[in-house]
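Structure, as structure tokens:
The values are calculated or read from the model by the stated rules, or taken from the named source; none is laboratory data. A quick note: this is a predicted structure, and the numbers were derived from the prediction, not measured. With ideal geometry, Cβ positions are generated from the backbone for all residues, glycine too; neighbour counts draw on all protein chains shown. These accessible areas exclude ligands, DNA and RNA; they are computed on the full protein's heavy atoms, side chains included. Shrake-Rupley method; radii C 1.70, N 1.55, O 1.52, S 1.80 Å.
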Amino acid sequence: MNRGNAVFVAVGAVVVIALALIIGVIWKRGYVKVEETVDSPRTGEAASNPLYVLKLALQKDGVKVDARQRLLLSTHTLKPRDTVLIYRDPRTLSASDADALLAWVEHGGHLIVRTPPWRENIGSSPVPVLDALGVTLLDADDVPDAEDQRDQCVGLYERSTAPQDLFCDARRFYFYNSEVDPDFAWGDEDSAYVYARFPFGEGKVDVLSDLDFLSNRGGTGNSFLDGLGMGGRDRIAKPGSAALARQILAPNYRAGTIHLIYAAEVPSLWKTLIVNSWMAWLPLLLWLLGWLWQRMQRLGPLRPAPAMERRSLLEHIVASGEHIYRYGYGPSLHAAVRAAFLARLRRRDPYAAVIQGEAQIDLLAQRYKNEPNLDVAAIRDALATPLARDHAAFRARIATLIRMRNRL
């Protein structure tokens, strides 16, 4: 190594060491150790039961709770001072279950139901329980400003807390066809109602536009995050939601069992993959895209398709004959065709095959006298050996021999 190269290597080493020291000092001064708590995904009943937090809160408050996915009146007997909260669409109730619930309410039960969601129009379709109470549901087709009412929220104000919006995407209702006036009602005649408590015999029936404020799902106002279950804290954990839930459950609170009837909310496979498994599918997706890029057809000029392998016997025979004729073995090909003709002639007319010379030619001419272009001269030329490079004579003799053979 000469002196110039040694100086260059030394300067480079000094620069690298200096950069490493500077980066180390910057990282040491800017590094701050912090602790962060991340909630693990919910599993089991906490993931499928939207009323799981409400169930735990009631149990902690000393209330007897029975949470299940279906009503099952045959195996779960309702007592007069019990409470039944049906979280799902009331149209899922059968007519017999609805009649049994109303008969139970008349003896002191407390029933809590919601209106059907806005996904479809109700029209004249029956809605169990609500039809018996005389509740009139709003439809987008029947009410001109129903879509505006759908987007409106109701403000819930709790002391020392920020206002909370409720029933933002809920179907509102009227009760002017009801035989009794509700004990409590939330709303007005202009924008319809979101909550009403109807007396029914000795019991009560609460009708709400929705029951989402009782669920474990978070709510941020962002529909995409809420749909993925990434909406932050539980809605029931908000002070306003907890206070409203306590007021709704008040009639038979601690007097009997509270039955929470919910529809299991099992997260979809795509939601689970997007939220919890991206560290696995993202590298696999990148690998798949790279493999497809490697295998895909590149842009460029079109190339002709490669010739397919052919195994036709006739093509091989033609190619072999052309090869033999190209190298000057035309007389050998003529001799083979003439031998084939004489072999068939021997089978058809042995006498004509035995004689030689002009006598054979005259006999063949008599045999082919009805065939055009097969006179004595043509037959004589066909049986004579052609010159090696006389292409026209070769083709004529071969064609005549084949014609004579076919006419035997």
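Here are the numbers:
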read-out	value
Output for region 237-285, where each listed residue is modelled with pLDDT of 85 or more, of a type in the set (G, A, S) and either surrounded by 12 or more Cβ atoms within 10 Å (Cβ to Cβ) or within 20 Å of V105 (Cβ to Cβ) (or both)	S241, A242, A243, A245, A250, A255, G256
Qualifying residue in region 351-367 (condition: part of a helix (DSSP H, G or I), open to solvent by 50 Å² or more (accessible area, probe 1.4 Å) and closer than 30 Å to Y327 by Cβ)	no
Residue tally, condition open to solvent by 100 Å² or more (accessible area, probe 1.4 Å), of a type outside the set (A, V, I, L, M) and under 35 Å from the mean Cα position of the chain (by Cα), over region 38-60	3
Number of the condition not met by S74 [criteria: (1) open to solvent by less than 100 Å² (accessible area, probe 1.4 Å); (2) closer than 30 Å to L102 by Cβ; (3) outside any helix (DSSP H, G or I)]	(1)
Identity of the residue in region 313-350, out of contact with any helix residue (DSSP H, G or I) (no Cβ under 8 Å at 6 or more places or on another chain) and of a type in the set (S, T, Y), that ends up surrounded by the fewest Cβ atoms within 10 Å (Cβ to Cβ)	Y327
Any chance S215 is crowded, with 17+ Cβ neighbours inside 10 Å and either modelled with pLDDT under 85 or closer than 25 Å to D39 by Cα (or both)	yes
Residue among R81, R114 that is over 22 Å from S215 (Cβ atoms), surrounded by 15 or more Cβ atoms within 10 Å (Cβ to Cβ) and touching a residue at least 60 places away in the same chain (Cβ under 8 Å)	R81
Selection within region 63-107 - within 15 Å of G201 (Cα to Cα) and either within 38 Å of the chain's Cα centre (by Cα) or of a type in the set (F, W, Y) (or both)	W104
Lone unmet requirement of (1) in a loop (DSSP other than H, G, I, E, B); (2) free of Cβ contacts under 8 Å to residues at least 60 places away in the same chain; (3) within 12 Å of I258 (Cβ to Cβ) for Q59	(1)
